[in-house]
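Some notes on the structure that comes next.
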Amino acid sequence: MTRVGSGGVVIRTLKAGKTFERDVKKLAPDYRHRLKEKLGDLLKDPRPPGLGFEKLKGHNSPPIYTCHIDGNYKFSFEIEGDVAFMRRAGTHNDIDRAP
């Protein structure tokens with residue numbers, strides 16, 4: 001069941017782009033497993049505690065958001081309606097340079 005998050009945001013579907021899929025294949029198996037768990041959390045609650053959900057500054061058209069996989073890795077996405085379009089997954093530096 002998807003709950004309404006902050007600002008009425010509801011995410012019902014995740015769609016992965018080719019870049020995101022390529023990035024995920026490069027992750028170590030442990031990080032791929034953690035990413036899968038975090039994506040499940042994102043579907044349950046768009047702003048789950050401990051996920052480090054944030055909007056990237058300077059990216060307003062479209063707005064880009066990030067969530068933490070762990071202390072060194074995160075993923076980025078856009079939200080359109082109730083769909084989260086997954087953009088990138090990688091280290092903080094990689095995502096901050098090219099979300």
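Bear in mind that the values in this text are calculations on the coordinates, not laboratory data. The model shown is predicted, which means the values in this text are computed figures rather than measured ones. Cβ atoms come from the backbone with ideal geometry, glycine included; neighbour counts cover every protein chain shown.
Observations
- If you take all other residues with their beta carbon under 14 Å from the beta carbon of Thr91, and give Lys and Arg +1 and Asp and Glu -1, the sum is +1.
- When Cα Rg over 2.2 N^0.38 Å is calculated for this entry, the matching label among (i) 1.19; (ii) 1.52; (iii) 0.98 is (iii).
- Helical content alone sets the calculated 222 nm signal of the chain at -9500 deg cm²/dmol, taking -39,500 (n - 2.57) per DSSP H segment of four or more residues and averaging over every residue.
- Only lysine pairs 8 or more places apart or on separate chains count here, and in segment 22-97 those with Cα atoms under 13 Å apart total 5.
- Packing-based ranking, highest mean first, of 17-26, 62-71, 81-90 given that Cβ atoms within 10 Å are counted: 81-90, 62-71, 17-26
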